[in-house]
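Report on the structure given below.
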Amino acid sequence: MTEILQFFWDNKDLIFIIILSVYLGIEVISHVPAVLHTPLMSGSNAIHGVVIIGAIIVMGHAESTLALILGFVAVILGTLNVVGGFVVTDRMLEMFKKKKK
Amino acid sequence: MNEIFTIQNSILEISYLGASLLFILGLKKLSHPLTARAGNLWAAAGMTAAIVFTILFHQMDGKGIGNIPWILAALAIGSFIGWYASVKVKMTAMPQMVSIFNGMGGACAALISLMEFPHLQDELAAAGHTHMLTGPAIAILLGLMIGSVSFAGSMIAFLKLDGRLGDIKTPALRIVNLSFLVVLLVALVVIMYMHPVSGNNWPIYLFALAALIYGVTFVMPIGGADMPVVISLLNSFTGVAAAMGGFLYNNQAMLTGGILVGSAGTILTILMTRAMNRSLLNVIIGAFGVASGSGSESEDQTVKEISLSDAAVLLSYSQKVYIVPGYGLAVAQAQHLCHDLDNLLTDKGVEVKYAIHPVAGRMPGHMNVLLAEADVPYEKLVEMEDANNEMSNTDVVIVIGANDVVNPAAEEDPSSPIYGMPIIRAQDARNVIVMKRSMAAGYAAIPNNLFYHPKNRMLFGDAKATLQKLVAEIKSL
(Lines give C-alpha, C1' and ligand atoms only; values in the text may rest on other atoms or scores of the structure.)
Protein backbone atom coordinates (compact mmCIF):
# COMPACT_ATOMS: atom_id res chain seq x y z
CA MET A 1 0.00 0.00 0.00
CA THR A 2 2.73 2.43 0.99
CA GLU A 3 4.50 1.60 -2.27
CA ILE A 4 1.44 2.55 -4.29
CA LEU A 5 1.02 5.79 -2.39
CA GLN A 6 4.71 6.48 -2.81
CA PHE A 7 4.41 5.82 -6.56
CA PHE A 8 1.50 8.24 -6.79
CA TRP A 9 3.38 10.88 -4.82
CA ASP A 10 6.51 10.55 -6.96
CA ASN A 11 4.57 10.83 -10.18
CA LYS A 12 1.64 13.00 -9.21
CA ASP A 13 2.26 15.68 -11.85
CA LEU A 14 2.43 13.13 -14.65
CA ILE A 15 -0.68 11.36 -13.42
CA PHE A 16 -2.57 14.66 -13.43
CA ILE A 17 -1.43 15.33 -16.99
CA ILE A 18 -2.48 11.84 -18.10
CA ILE A 19 -5.97 12.06 -16.61
CA LEU A 20 -6.62 15.54 -18.00
CA SER A 21 -5.23 14.62 -21.45
CA VAL A 22 -7.44 11.56 -21.65
CA TYR A 23 -10.49 13.70 -20.97
CA LEU A 24 -9.31 16.35 -23.42
CA GLY A 25 -8.78 13.78 -26.19
CA ILE A 26 -12.28 12.41 -25.74
CA GLU A 27 -13.84 15.86 -25.60
CA VAL A 28 -12.03 17.16 -28.69
CA ILE A 29 -13.03 14.23 -30.89
CA SER A 30 -16.56 13.44 -29.80
CA HIS A 31 -18.53 15.43 -32.39
CA VAL A 32 -16.55 14.81 -35.55
CA PRO A 33 -18.47 14.09 -38.80
CA ALA A 34 -17.85 10.69 -40.42
CA VAL A 35 -16.30 12.37 -43.47
CA LEU A 36 -13.38 13.48 -41.34
CA HIS A 37 -12.70 10.15 -39.64
CA THR A 38 -9.93 9.19 -42.03
CA PRO A 39 -8.04 12.52 -42.04
CA LEU A 40 -8.43 12.71 -38.28
CA MET A 41 -7.01 9.24 -37.83
CA SER A 42 -4.15 10.15 -40.13
CA GLY A 43 -3.54 13.45 -38.33
CA SER A 44 -3.50 11.88 -34.89
CA ASN A 45 -1.25 9.20 -36.36
CA ALA A 46 1.24 11.94 -37.15
CA ILE A 47 0.93 13.44 -33.66
CA HIS A 48 1.98 10.24 -31.90
CA GLY A 49 5.14 10.55 -33.94
CA VAL A 50 6.16 12.78 -31.02
CA VAL A 51 7.82 9.57 -29.85
CA ILE A 52 10.69 10.79 -32.03
CA ILE A 53 11.68 13.12 -29.16
CA GLY A 54 12.51 9.99 -27.17
CA ALA A 55 14.54 8.61 -30.06
CA ILE A 56 16.48 11.88 -30.30
CA ILE A 57 17.19 11.83 -26.56
CA VAL A 58 18.41 8.21 -26.71
CA MET A 59 20.59 8.92 -29.71
CA GLY A 60 21.89 12.16 -28.25
CA HIS A 61 23.23 10.29 -25.26
CA ALA A 62 24.30 7.09 -27.04
CA GLU A 63 27.76 5.92 -26.02
CA SER A 64 28.25 2.59 -27.81
CA THR A 65 28.19 2.08 -31.56
CA LEU A 66 25.27 -0.34 -31.23
CA ALA A 67 23.21 2.25 -29.34
CA LEU A 68 24.09 4.82 -31.97
CA ILE A 69 22.96 2.52 -34.80
CA LEU A 70 19.72 1.56 -33.06
CA GLY A 71 19.08 5.21 -32.22
CA PHE A 72 19.74 6.16 -35.81
CA VAL A 73 17.14 3.64 -36.97
CA ALA A 74 14.70 4.82 -34.31
CA VAL A 75 15.05 8.46 -35.38
CA ILE A 76 14.49 7.51 -39.02
CA LEU A 77 11.36 5.50 -38.13
CA GLY A 78 10.02 8.31 -35.95
CA THR A 79 10.64 10.89 -38.68
CA LEU A 80 8.84 8.69 -41.20
CA ASN A 81 5.87 8.62 -38.85
CA VAL A 82 5.88 12.39 -38.34
CA VAL A 83 6.63 13.64 -41.85
CA GLY A 84 4.68 10.93 -43.66
CA GLY A 85 1.72 11.35 -41.34
CA PHE A 86 1.44 15.11 -41.74
CA VAL A 87 2.02 15.09 -45.51
CA VAL A 88 -0.54 12.33 -46.15
CA THR A 89 -3.08 14.15 -44.00
CA ASP A 90 -2.43 17.38 -45.83
CA ARG A 91 -2.91 15.66 -49.18
CA MET A 92 -6.24 14.23 -48.05
CA LEU A 93 -7.44 17.59 -46.74
CA GLU A 94 -6.29 19.38 -49.87
CA MET A 95 -9.00 17.43 -51.68
CA PHE A 96 -11.61 18.65 -49.27
CA LYS A 97 -10.58 22.24 -49.70
CA LYS A 98 -10.74 22.10 -53.47
CA LYS A 99 -14.32 20.97 -53.55
CA LYS A 100 -15.41 23.84 -51.31
CA LYS A 101 -15.33 26.35 -54.15
CA MET B 1 15.57 14.52 -15.09
CA ASN B 2 15.70 18.20 -15.91
CA GLU B 3 14.39 19.37 -12.59
CA ILE B 4 17.06 21.98 -11.90
CA PHE B 5 16.34 25.49 -13.07
CA THR B 6 18.50 26.61 -15.95
CA ILE B 7 17.60 28.96 -18.75
CA GLN B 8 17.85 26.10 -21.25
CA ASN B 9 15.58 23.80 -19.27
CA SER B 10 13.03 26.52 -18.85
CA ILE B 11 13.00 27.39 -22.55
CA LEU B 12 12.68 23.68 -23.40
CA GLU B 13 9.69 23.24 -21.10
CA ILE B 14 8.03 26.34 -22.54
CA SER B 15 8.50 24.93 -26.03
CA TYR B 16 6.92 21.64 -24.88
CA LEU B 17 4.00 23.55 -23.43
CA GLY B 18 3.60 25.33 -26.75
CA ALA B 19 3.83 22.04 -28.65
CA SER B 20 1.18 20.43 -26.44
CA LEU B 21 -1.14 23.38 -26.97
CA LEU B 22 -0.60 23.19 -30.72
CA PHE B 23 -1.39 19.45 -30.67
CA ILE B 24 -4.63 20.05 -28.80
CA LEU B 25 -5.71 22.98 -31.00
CA GLY B 26 -4.63 21.09 -34.12
CA LEU B 27 -6.72 18.08 -33.18
CA LYS B 28 -9.67 20.32 -32.39
CA LYS B 29 -9.40 22.05 -35.76
CA LEU B 30 -8.97 18.71 -37.52
CA SER B 31 -12.47 17.76 -36.45
CA HIS B 32 -14.14 20.54 -38.48
CA PRO B 33 -14.17 20.42 -42.28
CA LEU B 34 -13.33 24.09 -42.76
CA THR B 35 -10.40 24.27 -40.37
CA ALA B 36 -9.05 20.75 -40.80
CA ARG B 37 -6.15 21.61 -43.05
CA ALA B 38 -4.99 24.44 -40.80
CA GLY B 39 -5.29 22.10 -37.81
CA ASN B 40 -2.94 19.63 -39.42
CA LEU B 41 -0.40 22.39 -40.02
CA TRP B 42 -0.70 23.63 -36.44
CA ALA B 43 0.04 20.18 -35.10
CA ALA B 44 2.98 19.89 -37.52
CA ALA B 45 4.31 23.24 -36.28
CA GLY B 46 4.08 21.99 -32.68
CA MET B 47 6.00 18.87 -33.65
CA THR B 48 8.73 20.86 -35.40
CA ALA B 49 9.13 23.13 -32.39
CA ALA B 50 9.37 20.17 -30.01
CA ILE B 51 12.03 18.48 -32.18
CA VAL B 52 14.15 21.61 -32.74
CA PHE B 53 14.09 22.70 -29.08
CA THR B 54 14.91 19.17 -27.90
CA ILE B 55 18.02 19.08 -30.08
CA LEU B 56 19.06 22.57 -28.98
CA PHE B 57 18.32 22.52 -25.27
CA HIS B 58 17.76 19.01 -23.93
CA GLN B 59 20.00 18.14 -20.98
CA MET B 60 20.39 14.80 -19.24
CA ASP B 61 22.74 14.41 -16.27
CA GLY B 62 24.24 17.75 -17.16
CA LYS B 63 24.98 16.75 -20.74
CA GLY B 64 23.37 18.20 -23.85
CA ILE B 65 22.36 16.24 -26.94
CA GLY B 66 25.40 14.77 -28.67
CA ASN B 67 25.82 13.05 -32.04
CA ILE B 68 23.96 15.96 -33.61
CA PRO B 69 25.28 15.38 -37.16
CA TRP B 70 24.00 11.81 -36.99
CA ILE B 71 20.64 12.93 -35.65
CA LEU B 72 20.30 15.49 -38.42
CA ALA B 73 21.23 12.85 -40.99
CA ALA B 74 18.58 10.46 -39.65
CA LEU B 75 16.01 13.27 -39.64
CA ALA B 76 16.88 14.12 -43.23
CA ILE B 77 16.65 10.51 -44.42
CA GLY B 78 13.35 9.93 -42.61
CA SER B 79 11.88 13.20 -43.87
CA PHE B 80 12.84 12.49 -47.44
CA ILE B 81 11.47 8.94 -47.50
CA GLY B 82 8.31 9.94 -45.62
CA TRP B 83 7.67 12.93 -47.84
CA TYR B 84 8.42 11.03 -51.05
CA ALA B 85 6.21 8.08 -50.13
CA SER B 86 3.31 10.34 -49.13
CA VAL B 87 3.46 12.45 -52.25
CA LYS B 88 3.73 9.47 -54.58
CA VAL B 89 1.08 7.25 -53.02
CA LYS B 90 -2.21 6.92 -54.88
CA MET B 91 -5.30 8.25 -53.13
CA THR B 92 -6.77 4.76 -53.11
CA ALA B 93 -3.79 3.42 -51.19
CA MET B 94 -4.01 6.04 -48.41
CA PRO B 95 -5.25 3.58 -45.76
CA GLN B 96 -2.23 1.33 -46.35
CA MET B 97 0.10 4.31 -46.06
CA VAL B 98 -1.41 5.43 -42.76
CA SER B 99 -1.00 1.88 -41.50
CA ILE B 100 2.71 1.81 -42.41
CA PHE B 101 3.42 5.16 -40.78
CA ASN B 102 1.63 4.02 -37.66
CA GLY B 103 3.79 0.89 -37.59
CA MET B 104 6.94 3.04 -37.85
CA GLY B 105 5.88 5.01 -34.77
CA GLY B 106 5.26 1.79 -32.87
CA ALA B 107 8.65 0.39 -33.89
CA CYS B 108 10.32 3.63 -32.82
CA ALA B 109 8.73 3.39 -29.36
CA ALA B 110 9.76 -0.27 -29.07
CA LEU B 111 13.38 0.50 -30.05
CA ILE B 112 13.61 3.24 -27.43
CA SER B 113 12.51 0.75 -24.78
CA LEU B 114 14.98 -1.87 -26.04
CA MET B 115 17.80 0.63 -25.59
CA GLU B 116 16.68 2.02 -22.26
CA PHE B 117 16.15 -1.32 -20.53
CA PRO B 118 19.86 -2.23 -20.31
CA HIS B 119 20.61 1.27 -18.95
CA LEU B 120 17.98 0.94 -16.29
CA GLN B 121 19.07 -2.57 -15.36
CA ASP B 122 22.69 -1.39 -14.94
CA GLU B 123 21.54 1.48 -12.76
CA LEU B 124 19.32 -0.67 -10.58
CA ALA B 125 21.98 -3.36 -10.26
CA ALA B 126 24.55 -0.77 -9.23
CA ALA B 127 22.14 0.65 -6.66
CA GLY B 128 21.63 -2.80 -5.18
CA HIS B 129 17.91 -3.22 -5.98
CA THR B 130 16.55 -6.73 -5.53
CA HIS B 131 13.88 -6.41 -8.25
CA MET B 132 13.11 -4.35 -11.35
CA LEU B 133 9.74 -3.07 -10.17
CA THR B 134 10.03 0.71 -10.57
CA GLY B 135 8.10 3.38 -12.48
CA PRO B 136 10.64 3.55 -15.31
CA ALA B 137 10.68 -0.25 -15.69
CA ILE B 138 6.89 -0.32 -16.05
CA ALA B 139 7.04 2.46 -18.63
CA ILE B 140 9.80 0.69 -20.57
CA LEU B 141 8.09 -2.70 -20.64
CA LEU B 142 4.65 -1.35 -21.51
CA GLY B 143 6.17 0.88 -24.19
CA LEU B 144 8.00 -2.10 -25.63
CA MET B 145 4.95 -4.35 -25.56
CA ILE B 146 2.45 -1.87 -26.98
CA GLY B 147 4.92 -0.52 -29.53
CA SER B 148 5.80 -4.00 -30.80
CA VAL B 149 2.17 -5.09 -31.03
CA SER B 150 1.34 -1.89 -32.89
CA PHE B 151 4.24 -2.35 -35.30
CA ALA B 152 3.56 -6.00 -36.13
CA GLY B 153 -0.21 -5.45 -36.24
CA SER B 154 0.12 -2.46 -38.57
CA MET B 155 2.29 -4.42 -40.97
CA ILE B 156 -0.31 -7.21 -41.13
CA ALA B 157 -3.07 -4.62 -41.59
CA PHE B 158 -1.06 -3.09 -44.42
CA LEU B 159 -0.62 -6.46 -46.15
CA LYS B 160 -4.32 -7.19 -45.81
CA LEU B 161 -5.41 -3.81 -47.16
CA ASP B 162 -3.00 -4.21 -50.02
CA GLY B 163 -4.61 -7.54 -50.82
CA ARG B 164 -1.40 -9.50 -50.28
CA LEU B 165 -2.73 -11.38 -47.31
CA GLY B 166 -6.08 -13.11 -46.86
CA ASP B 167 -8.01 -13.69 -43.67
CA ILE B 168 -7.27 -16.68 -41.53
CA LYS B 169 -10.34 -17.47 -39.52
CA THR B 170 -9.95 -20.48 -37.31
CA PRO B 171 -11.18 -20.78 -33.75
CA ALA B 172 -7.73 -22.22 -32.95
CA LEU B 173 -6.10 -18.88 -33.72
CA ARG B 174 -8.37 -17.21 -31.24
CA ILE B 175 -7.14 -19.54 -28.51
CA VAL B 176 -3.51 -19.06 -29.56
CA ASN B 177 -4.21 -15.35 -29.45
CA LEU B 178 -5.60 -15.34 -25.97
CA SER B 179 -2.86 -17.57 -24.59
CA PHE B 180 -0.22 -15.28 -26.09
CA LEU B 181 -1.76 -12.32 -24.32
CA VAL B 182 -1.67 -14.22 -21.04
CA VAL B 183 1.97 -15.25 -21.65
CA LEU B 184 2.88 -11.62 -22.36
CA LEU B 185 1.29 -10.34 -19.18
CA VAL B 186 2.87 -13.09 -17.09
CA ALA B 187 6.26 -12.36 -18.67
CA LEU B 188 5.79 -8.69 -17.81
CA VAL B 189 5.28 -9.53 -14.14
CA VAL B 190 8.19 -12.00 -14.13
CA ILE B 191 10.57 -9.41 -15.58
CA MET B 192 9.38 -6.91 -12.97
CA TYR B 193 10.42 -9.22 -10.16
CA MET B 194 13.65 -10.27 -11.85
CA HIS B 195 16.83 -9.59 -9.92
CA PRO B 196 18.64 -6.84 -11.85
CA VAL B 197 21.95 -8.19 -13.17
CA SER B 198 24.02 -5.95 -15.38
CA GLY B 199 24.16 -7.25 -18.95
CA ASN B 200 21.44 -9.84 -18.47
CA ASN B 201 19.19 -8.58 -21.27
CA TRP B 202 17.90 -11.69 -22.99
CA PRO B 203 14.50 -11.69 -21.17
CA ILE B 204 13.62 -8.37 -22.74
CA TYR B 205 14.55 -9.55 -26.23
CA LEU B 206 12.33 -12.61 -25.79
CA PHE B 207 9.59 -10.35 -24.47
CA ALA B 208 9.86 -8.12 -27.56
CA LEU B 209 9.72 -11.16 -29.84
CA ALA B 210 6.62 -12.48 -28.08
CA ALA B 211 4.94 -9.06 -28.40
CA LEU B 212 5.71 -8.99 -32.12
CA ILE B 213 4.18 -12.43 -32.60
CA TYR B 214 1.13 -11.38 -30.62
CA GLY B 215 0.73 -8.36 -32.89
CA VAL B 216 0.58 -10.72 -35.88
CA THR B 217 -1.88 -13.17 -34.36
CA PHE B 218 -4.02 -10.31 -33.03
CA VAL B 219 -4.72 -8.83 -36.47
CA MET B 220 -4.58 -12.04 -38.51
CA PRO B 221 -8.13 -13.31 -37.85
CA ILE B 222 -9.80 -9.91 -38.30
CA GLY B 223 -11.55 -9.48 -41.65
CA GLY B 224 -10.04 -7.16 -44.26
CA ALA B 225 -13.17 -4.99 -44.25
CA ASP B 226 -12.55 -4.14 -40.62
CA MET B 227 -8.95 -3.01 -41.15
CA PRO B 228 -9.77 0.72 -40.81
CA VAL B 229 -11.08 0.04 -37.33
CA VAL B 230 -7.98 -2.01 -36.53
CA ILE B 231 -5.67 0.72 -37.80
CA SER B 232 -7.51 3.27 -35.72
CA LEU B 233 -7.14 1.02 -32.68
CA LEU B 234 -3.43 0.42 -33.33
CA ASN B 235 -3.08 4.17 -33.82
CA SER B 236 -4.29 4.75 -30.29
CA PHE B 237 -1.96 1.94 -29.09
CA THR B 238 1.03 3.75 -30.57
CA GLY B 239 -0.17 6.91 -28.83
CA VAL B 240 -0.04 5.10 -25.49
CA ALA B 241 3.41 3.68 -26.33
CA ALA B 242 4.64 7.22 -27.05
CA ALA B 243 3.15 8.39 -23.76
CA MET B 244 5.14 5.66 -21.97
CA GLY B 245 8.26 7.26 -23.40
CA GLY B 246 7.04 10.56 -21.99
CA PHE B 247 6.66 8.95 -18.59
CA LEU B 248 10.14 7.48 -18.81
CA TYR B 249 11.86 10.74 -19.75
CA ASN B 250 9.53 12.94 -17.72
CA ASN B 251 8.84 14.61 -21.05
CA GLN B 252 5.57 16.54 -21.16
CA ALA B 253 5.37 16.90 -24.95
CA MET B 254 5.58 13.14 -25.45
CA LEU B 255 3.17 12.56 -22.62
CA THR B 256 0.41 14.92 -23.74
CA GLY B 257 0.85 14.10 -27.44
CA GLY B 258 0.77 10.36 -26.79
CA ILE B 259 -2.13 10.33 -24.34
CA LEU B 260 -4.14 12.71 -26.52
CA VAL B 261 -3.81 10.35 -29.48
CA GLY B 262 -4.44 7.37 -27.22
CA SER B 263 -7.77 8.66 -25.97
CA ALA B 264 -8.87 10.43 -29.16
CA GLY B 265 -7.92 7.32 -31.14
CA THR B 266 -10.00 5.11 -28.89
CA ILE B 267 -13.03 7.36 -29.25
CA LEU B 268 -12.51 7.50 -33.01
CA THR B 269 -12.36 3.71 -33.12
CA ILE B 270 -15.63 3.47 -31.23
CA LEU B 271 -17.26 6.07 -33.52
CA MET B 272 -16.19 4.06 -36.55
CA THR B 273 -17.60 0.80 -35.22
CA ARG B 274 -20.80 2.65 -34.33
CA ALA B 275 -21.13 3.88 -37.93
CA MET B 276 -21.17 0.20 -38.95
CA ASN B 277 -23.58 -0.65 -36.14
CA ARG B 278 -21.06 -2.97 -34.53
CA SER B 279 -19.17 -3.09 -31.28
CA LEU B 280 -15.41 -3.06 -30.95
CA LEU B 281 -15.43 -6.51 -29.38
CA ASN B 282 -17.54 -7.74 -32.28
CA VAL B 283 -14.91 -6.45 -34.72
CA ILE B 284 -11.99 -8.00 -32.85
CA ILE B 285 -13.64 -11.36 -32.42
CA GLY B 286 -14.99 -11.17 -35.95
CA ALA B 287 -18.69 -11.87 -36.28
CA PHE B 288 -18.47 -11.50 -40.05
CA GLY B 289 -16.46 -14.68 -40.18
CA VAL B 290 -19.32 -17.08 -40.72
CA ALA B 291 -21.54 -16.45 -43.71
CA SER B 292 -25.17 -16.71 -42.70
CA GLY B 293 -27.49 -19.11 -44.44
CA SER B 294 -30.09 -16.40 -44.92
CA GLY B 295 -29.15 -15.68 -48.51
CA SER B 296 -29.35 -19.24 -49.70
CA GLU B 297 -32.93 -19.01 -50.88
CA SER B 298 -31.91 -16.36 -53.37
CA GLU B 299 -29.74 -18.72 -55.34
CA ASP B 300 -32.57 -19.94 -57.50
CA GLN B 301 -33.69 -16.40 -58.22
CA THR B 302 -32.71 -14.94 -61.53
CA VAL B 303 -30.54 -11.99 -62.24
CA LYS B 304 -31.42 -9.68 -65.11
CA GLU B 305 -28.69 -8.12 -67.18
CA ILE B 306 -28.86 -4.83 -69.01
CA SER B 307 -27.04 -4.07 -72.23
CA LEU B 308 -24.79 -1.02 -72.54
CA SER B 309 -27.07 0.67 -75.06
CA ASP B 310 -30.14 0.13 -72.90
CA ALA B 311 -28.30 1.53 -69.92
CA ALA B 312 -27.18 4.53 -71.98
CA VAL B 313 -30.73 5.26 -73.11
CA LEU B 314 -32.18 4.76 -69.67
CA LEU B 315 -29.68 7.18 -68.13
CA SER B 316 -29.94 9.80 -70.87
CA TYR B 317 -33.69 10.10 -70.58
CA SER B 318 -33.84 10.19 -66.81
CA GLN B 319 -34.47 13.30 -64.79
CA LYS B 320 -32.60 12.35 -61.69
CA VAL B 321 -29.75 9.87 -61.31
CA TYR B 322 -27.95 8.86 -58.14
CA ILE B 323 -24.49 7.28 -58.26
CA VAL B 324 -23.60 5.01 -55.34
CA PRO B 325 -19.83 4.57 -55.36
CA GLY B 326 -18.02 1.81 -53.47
CA TYR B 327 -14.57 0.40 -53.10
CA GLY B 328 -14.78 -1.29 -56.51
CA LEU B 329 -14.78 2.19 -58.05
CA ALA B 330 -11.68 3.07 -56.07
CA VAL B 331 -9.85 -0.13 -56.98
CA ALA B 332 -10.58 0.36 -60.66
CA GLN B 333 -9.38 4.00 -60.38
CA ALA B 334 -12.61 4.91 -62.13
CA GLN B 335 -13.46 8.08 -60.20
CA HIS B 336 -12.49 10.32 -63.13
CA LEU B 337 -14.63 8.34 -65.57
CA CYS B 338 -17.42 8.52 -63.08
CA HIS B 339 -17.13 12.28 -63.22
CA ASP B 340 -17.12 12.14 -67.06
CA LEU B 341 -20.38 10.22 -66.98
CA ASP B 342 -21.74 12.77 -64.55
CA ASN B 343 -20.74 15.70 -66.83
CA LEU B 344 -22.19 14.05 -69.89
CA LEU B 345 -25.52 13.41 -68.23
CA THR B 346 -25.61 16.85 -66.65
CA ASP B 347 -25.15 18.37 -70.13
CA LYS B 348 -28.19 16.42 -71.24
CA GLY B 349 -30.18 18.02 -68.44
CA VAL B 350 -30.10 15.09 -66.06
CA GLU B 351 -29.69 15.85 -62.39
CA VAL B 352 -26.76 13.73 -61.16
CA LYS B 353 -25.84 13.29 -57.51
CA TYR B 354 -23.71 10.91 -55.47
CA ALA B 355 -25.04 9.03 -52.46
CA ILE B 356 -22.19 8.55 -50.00
CA HIS B 357 -22.45 5.85 -47.38
CA PRO B 358 -20.43 6.71 -44.25
CA VAL B 359 -18.37 3.53 -44.49
CA ALA B 360 -18.17 3.20 -48.28
CA GLY B 361 -14.67 2.35 -49.40
CA ARG B 362 -12.01 1.14 -47.05
CA MET B 363 -12.20 4.01 -44.60
CA PRO B 364 -14.85 6.47 -43.53
CA GLY B 365 -14.66 9.47 -45.82
CA HIS B 366 -12.59 7.54 -48.36
CA MET B 367 -15.14 8.11 -51.14
CA ASN B 368 -15.35 11.85 -50.50
CA VAL B 369 -11.59 12.12 -50.88
CA LEU B 370 -11.55 10.06 -54.09
CA LEU B 371 -14.40 11.92 -55.76
CA ALA B 372 -12.97 15.26 -54.70
CA GLU B 373 -9.76 14.17 -56.41
CA ALA B 374 -11.76 13.75 -59.61
CA ASP B 375 -13.11 17.33 -59.22
CA VAL B 376 -16.65 16.28 -58.36
CA PRO B 377 -18.19 19.37 -56.73
CA TYR B 378 -18.91 19.17 -53.03
CA GLU B 379 -22.64 19.91 -53.41
CA LYS B 380 -23.13 16.75 -55.46
CA LEU B 381 -22.00 14.48 -52.65
CA VAL B 382 -25.09 13.69 -50.62
CA GLU B 383 -24.96 11.96 -47.27
CA MET B 384 -26.83 8.73 -46.79
CA GLU B 385 -29.88 10.00 -44.87
CA ASP B 386 -30.55 12.86 -47.30
CA ALA B 387 -30.04 10.59 -50.30
CA ASN B 388 -32.48 8.05 -48.89
CA ASN B 389 -35.15 10.76 -48.60
CA GLU B 390 -34.79 11.49 -52.30
CA MET B 391 -34.71 7.87 -53.50
CA SER B 392 -38.42 7.55 -54.24
CA ASN B 393 -38.32 10.33 -56.87
CA THR B 394 -35.04 9.15 -58.39
CA ASP B 395 -35.23 7.56 -61.82
CA VAL B 396 -32.03 5.53 -61.81
CA VAL B 397 -29.54 4.52 -59.14
CA ILE B 398 -26.21 3.31 -60.50
CA VAL B 399 -24.27 1.26 -57.98
CA ILE B 400 -20.61 1.24 -58.96
CA GLY B 401 -18.44 -1.26 -57.15
CA ALA B 402 -20.47 -1.10 -53.94
CA ASN B 403 -22.22 -4.04 -52.38
CA ASP B 404 -22.82 -4.29 -48.65
CA VAL B 405 -23.82 -0.63 -48.30
CA VAL B 406 -26.86 -1.23 -50.55
CA ASN B 407 -27.76 -4.68 -49.24
CA PRO B 408 -31.44 -4.68 -48.19
CA ALA B 409 -30.73 -7.60 -45.86
CA ALA B 410 -29.41 -4.99 -43.41
CA GLU B 411 -33.00 -3.81 -42.98
CA GLU B 412 -35.05 -6.90 -43.77
CA ASP B 413 -33.22 -9.94 -42.50
CA PRO B 414 -32.59 -10.09 -38.73
CA SER B 415 -30.37 -13.15 -39.20
CA SER B 416 -27.99 -11.30 -41.50
CA PRO B 417 -24.61 -10.38 -40.01
CA ILE B 418 -25.03 -6.80 -41.20
CA TYR B 419 -28.61 -6.50 -39.88
CA GLY B 420 -29.07 -3.04 -38.41
CA MET B 421 -26.34 -1.35 -40.43
CA PRO B 422 -27.81 1.74 -42.10
CA ILE B 423 -27.88 1.35 -45.90
CA ILE B 424 -28.54 3.41 -48.99
CA ARG B 425 -32.02 2.32 -50.01
CA ALA B 426 -31.32 1.88 -53.71
CA GLN B 427 -34.33 -0.41 -54.08
CA ASP B 428 -36.64 2.59 -53.47
CA ALA B 429 -35.63 4.21 -56.76
CA ARG B 430 -37.53 3.48 -60.00
CA ASN B 431 -34.61 1.63 -61.59
CA VAL B 432 -31.36 0.23 -60.28
CA ILE B 433 -28.27 -0.60 -62.30
CA VAL B 434 -25.54 -2.48 -60.45
CA MET B 435 -22.12 -2.34 -62.07
CA LYS B 436 -20.10 -5.23 -60.80
CA ARG B 437 -17.31 -7.53 -61.89
CA SER B 438 -19.15 -10.74 -61.05
CA MET B 439 -21.85 -12.10 -58.78
CA ALA B 440 -19.31 -12.61 -55.99
CA ALA B 441 -20.33 -11.54 -52.52
CA GLY B 442 -19.08 -8.27 -51.06
CA TYR B 443 -16.36 -7.69 -48.51
CA ALA B 444 -18.55 -8.87 -45.67
CA ALA B 445 -19.02 -12.12 -47.64
CA ILE B 446 -22.80 -12.10 -47.55
CA PRO B 447 -25.21 -12.46 -50.46
CA ASN B 448 -27.03 -9.37 -51.67
CA ASN B 449 -30.73 -9.60 -52.46
CA LEU B 450 -30.68 -6.29 -54.29
CA PHE B 451 -29.15 -8.09 -57.27
CA TYR B 452 -32.29 -10.22 -57.58
CA HIS B 453 -34.67 -7.33 -57.01
CA PRO B 454 -37.23 -6.89 -59.83
CA LYS B 455 -36.14 -3.27 -60.34
CA ASN B 456 -32.49 -4.17 -60.65
CA ARG B 457 -30.45 -4.95 -63.70
CA MET B 458 -26.78 -5.91 -63.71
CA LEU B 459 -24.04 -4.47 -65.87
CA PHE B 460 -21.15 -6.91 -65.53
CA GLY B 461 -17.53 -6.02 -66.05
CA ASP B 462 -14.63 -4.04 -64.62
CA ALA B 463 -15.88 -0.67 -63.38
CA LYS B 464 -13.39 1.31 -65.43
CA ALA B 465 -13.89 -0.55 -68.71
CA THR B 466 -17.66 -0.57 -68.34
CA LEU B 467 -17.82 3.13 -67.51
CA GLN B 468 -15.63 3.87 -70.52
CA LYS B 469 -17.97 1.97 -72.81
CA LEU B 470 -21.02 3.51 -71.19
CA VAL B 471 -19.67 7.03 -71.66
CA ALA B 472 -18.89 6.27 -75.32
CA GLU B 473 -22.37 4.82 -75.77
CA ILE B 474 -24.06 7.90 -74.31
CA LYS B 475 -21.93 10.19 -76.47
CA SER B 476 -23.02 8.36 -79.60
CA LEU B 477 -26.71 8.66 -78.79
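The values are calculated or read from the model by the stated rules, or taken from the named source; none is laboratory data. Since the structure is predicted, the reported quantities are computational estimates derived from the model, not experimental observations. Here the Cβ positions follow ideal geometry from the backbone for every residue, glycine too, while neighbour counts run over all protein chains shown. Areas reflect the complete protein model, heavy atoms only, side chains present, ligands, DNA and RNA absent. Shrake-Rupley method; radii C 1.70, N 1.55, O 1.52, S 1.80 Å.
General remarks:
- ³J(HN,Hα), Karplus 6.51/-1.76/1.60, whole Hz, each residue of region A:79-92, x for Gly, Pro: 5, 4, 4, 5, 5, x, x, 5, 5, 4, 4, 4, 5, 4
- Computed E for B:Y317/B:Y419 - FRET, C-beta separation, R0 30 angstrom, nearest 0.05: 0.25
- In plain terms, the C-alpha convex hull of the protein assembly as shown casts an average shadow of 27.0 nm² when viewed from every direction.
- Based on protein heavy atoms only, chain B ends up with 40 Å² per residue of surface accessible to a 1.4 Å probe.
- Pairing chain B with chain A buries about 8100 Å² of accessible area. This figure sums both sides and uses a 1.4 Å probe.
- Region B:364-422: translational diffusion in µm²/s, Stokes-Einstein, Kirkwood Rh over Cα pairs, 20 °C, 1.002 mPa s: 160
- For chain A, diffusion coefficient by Stokes-Einstein and Kirkwood Rh (Cα), 25 °C, 0.890 mPa s, µm²/s: 147
- Hydrodynamic radius by Kirkwood, which averages 1/r over all alpha carbon pairs of chain B, in angstrom: 25.0
- Counts of other chain beta carbons within 10 angstrom of each beta carbon in peptide B:35-48 average 6.
- The ellipsoid equivalent to the alpha-carbon distribution of region B:67-141 has semi-axes of 37, 17, 5 angstrom, derived from the gyration tensor eigenvalues as √(5λ) and listed largest first.
- Between B:R174 and B:T346, the modelled labels are 4.9 nm apart [label points 7 Å from Cα along Cα→Cβ].
- Here the protein assembly as shown has 65 percent of its accessible surface on carbon and sulfur atoms, given a 1.4 Å probe and all protein chains in place.
- Calculated FRET efficiency for the pair B:L133/B:V182, C-beta based, R₀ 25 Å, to 0.05: 0.80
- Note on B:A76 and B:A125: the model spin-label points, each 7 Å out from Cα along the C-beta direction, lie 3.8 nm apart.
- Chain B: angle of helix B:94-126 to the longest principal axis, Cα-based, in degrees nearest 10: 10
- Solvent-accessible surface ranking, highest first, for A:I19, B:I446 at 1.4 angstrom: A:I19, B:I446
- R0 of 51 Å, Cβ-Cβ distance A:L20-B:H336: FRET efficiency to nearest 0.05: 0.60
- Residue-averaged beta-carbon neighbours from other chains (10 angstrom radius) around B:364-372: 6
- Angle between chain B longest axis and helix B:252-275 axis [Cα atoms, degrees, rounded to 10]: 30
- Between B:L280 and B:K469, the modelled label-to-label distance comes to 4.7 nm, taking each label 7 Å out from Cα in the direction of the beta carbon.
- Across peptide B:83-94, the average count of Cβ atoms from other chains found within 10 Å of a residue's Cβ is 4.
- Against the main long axis of the alpha-carbon atoms of chain B, helix B:335-347 sits at an angle near 40°.
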